[in-house]
Every structure is written in structure tokens, then in C-alpha cells.
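For reference, the structure is listed below as C-alpha cells.
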Amino acid sequence: MSAVGGVLISLLGFVLSFGAILGAALGIWLIGRWTKRRDRQPSTIAELVAAVFSATAFAGLLWMAIFAAAPQFNRAEFKSAMTQKQAKPVKMPDWYARAFPQAAQMDSATQVFGDSVTQKLARSDAFPTIMMVFGILMLSMMFGGIGGVTGWGARRLFISATKRDLQPERT
């Protein structure tokens, strides 16, 4: 029964992590090699941490490849669209102004900053690139965590299915 659960967790992890689960096996193998050289047994938590870290690194590589293969955007079009959107101030709804009277004093979130560093950063050419890098980091951490935990869990289920001494005796 554990083997069926291991297969199902592996398939579910592969789908949910967009393939980052494949990196978990590498991390578990590396921690096993490292502990074997030192004449130790890998602990369960060490395997889990290695699986999550390696799946996160693998997910980062996958997402970098996806973003590199995506069609490049035209910076001029992007900048003009961004300035058009920022030119129109956002008007708060009346119900929001009644519910939060302190917020009614400010008409728009863009007027709060005026000509500050935040506005300059948002309008700079480096802003989309920086946000894309942060997006890759966040996606790789999220999907790497999912892939690492599901890969480690599937491995534990496979181990449980293959070891007879872990299963209780039936009387």
C-alpha cells in the first residue's frame, strides 16, 4: 500500500512542482554520499533539508530556462504602457472613503509618494528586470519546497514499502 502512495505522491509532486521534484532525488543522493564517506547514517531531517534545497535549486534553473525561452518584451512599449497607467490617478470608491475616513484624505496611492525614490524606481528601466529576478526566486522557493517535500515523502513511502521489518506482524 505504501508503494501505491509513493507513486501517487510522486505524480502529484511532479505536477504541483512543475518538475522540481526531480531535484529532490539528487539532494537525497548527495546527502547519502556525504554521510557514507563519514561512516554515518543520514538523518531523516537531513534528507528532507537536502531534498528541499536541491529541489529549490532545480526549480530555479527550470524557471530561469522558462524566462529565458519566453519572448522578449519591447521596453519602449512596456514603458509607454506603464506611464499611461500611472498618469491616471486611481479614485477611491465612495464606500471605501466612508469606511476609512483617514484614507479619504489621500485621493490616490500614486500621490502619496509624489516624486520620491519609489516613483523613480518604478519608472526606471531596471525595475522590470529586478522584479523578474525576484519573481524567479519566489517561484523557485515555492515550487522547490513543494517538490522537495513531496519527493522526500514519496521516498519515505517507497522505503516503507520495501522494508518488511517496518511493517507490523499480523497475528
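The values are calculated or read from the model by the stated rules, or taken from the named source; none is laboratory data. Please read these numbers as outputs of a predicted model, since none were measured by experiment. Here Cβ is always computed from backbone atoms with ideal geometry, including for glycine, and neighbour counts include all displayed protein chains.
Can you name the condition, by its number, that Ile31 falls short on among (1) at pLDDT below 90; (2) surrounded by 15 or more Cβ atoms within 10 Å (Cβ to Cβ); (3) of a type in the set (A, V, I, L, M, F, W, C); (4) farther than 16 Å from Leu139 by Cβ?
(1)
Checking Arg37 against (1) exposed (fewer than 10 other Cβ atoms within 10 Å of the Cβ); (2) at pLDDT below 85; (3) not hydrophobic (A, V, I, L, M, F, W, C): exactly one of these is not met. Which one?
Answer for Arg37: the failing condition is (2).
Step by step: first the residues of region 105-144, then only those that are aliphatic (A, V, I, L, M) and part of a loop (DSSP other than H, G, I, E, B), then the one that is modelled with the lowest pLDDT. Which residue is that?
For region 105-144, the residue satisfying everything is Met106.
Restricting region 1-11 to residues that are surrounded by 14 or more Cβ atoms within 10 Å (Cβ to Cβ) and among the small types (Gly, Ala, Ser), which is farthest from the chain's Cα centre (by Cα)?
Ser2
Here are Phe58, Phe18, Phe14: which of them is aromatic (Phe, Trp, Tyr), assigned to a helix (DSSP H, G or I) and under 12 Å from the mean Cα position of the chain (by Cα)?
Criteria check complete, one pass: Phe58.
For Lys36, are the conditions met, namely being under 24 Å from Arg156 (Cβ atoms), basic (Lys, Arg) and assigned to a helix (DSSP H, G or I)?
Yes: the conditions hold for Lys36.
Scan (1) over 30 Å from Val7 (Cβ atoms); (2) at pLDDT 80 or above for the single condition Gln102 breaks and write down its number.
Among (1) over 30 Å from Val7 (Cβ atoms); (2) at pLDDT 80 or above, the lone unmet condition for Gln102 is (2).
Return yes when Ala24 is modelled with pLDDT under 85 and either within 13 Å of Gly148 (Cβ to Cβ) or not polar (S, T, N, Q) (or both) and no when it is not.
Spelling it out, it is not the case that Ala24 is modelled with pLDDT under 85 and either within 13 Å of Gly148 (Cβ to Cβ) or not polar (S, T, N, Q) (or both).
Test of understanding: among Ala97, Ala154, which residue is surrounded by 13 or more Cβ atoms within 10 Å (Cβ to Cβ) and modelled with pLDDT of 80 or more?
Exactly one of Ala97, Ala154 is surrounded by 13 or more Cβ atoms within 10 Å (Cβ to Cβ) and modelled with pLDDT of 80 or more, namely Ala154.
Which residue, of Val52, Val4, is without any contact (Cβ under 8 Å) to a residue 12 or more places away in the chain, assigned to a helix (DSSP H, G or I) and β-branched (Val, Ile, Thr)?
Val4
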